[in-house]
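Before any comments, here is the structure.
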Amino acid sequence: MGSRRAGSGLKGITNLLLRDLRPLRFGAPVTHVYNPLLYARVPYDRYLGRYGKGKVALFTLSPTGKEAPGEIAWWNWNGWFPLVRNVFSWLSD
């Protein structure tokens, strides 16, 4: 795969991902593969330009819903609606 350098930041990571995925080929019965990083690159770059700067907040969930000691299971947490409302508010600013 040669050099891993393709710029810095999220656009650089996207360029690396595109470069590394480009040679992938699939056999039958697959007839079409859609890569949104290709056909939707312009709006993706706009999104990165607006929201891909500064600090990053990461929110992760366990796919099993099992909580660790001192945590609350994601399915038993009453903060979902305020969280979603705050995220949409942040995105629209």
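The values are calculated or read from the model by the stated rules, or taken from the named source; none is laboratory data. Since the model is a prediction, treat every value here as computed from it, not as a measurement. Here the Cβ positions follow ideal geometry from the backbone for every residue, glycine too, while neighbour counts run over all protein chains shown.
Name every residue in segment 22-42 that is surrounded by 12 or more Cβ atoms within 10 Å (Cβ to Cβ) and at pLDDT 90 or above, in order of residue number. Within segment 22-42, A40, R41 meet the criteria.
Among the residues of segment 43-57, just one is assigned to a helix (DSSP H, G or I), under 14 Å from the mean Cα position of the chain (by Cα) and modelled with pLDDT under 85, namely Y51. Of all residues in segment 6-21, those that are modelled with pLDDT under 90 and acidic (D, E) total 0. A search for C-beta distances below 9 Å between a residue of segment 20-42 that is outside the structural domain of L10 (by TED's automatic domain parsing) and assigned to a helix (DSSP H, G or I) and any residue that is loosely packed, with under 11 Cβ neighbours inside 10 Å and not β-branched (V, I, T), counting only pairs 6+ apart in sequence or on different chains, returns nothing.
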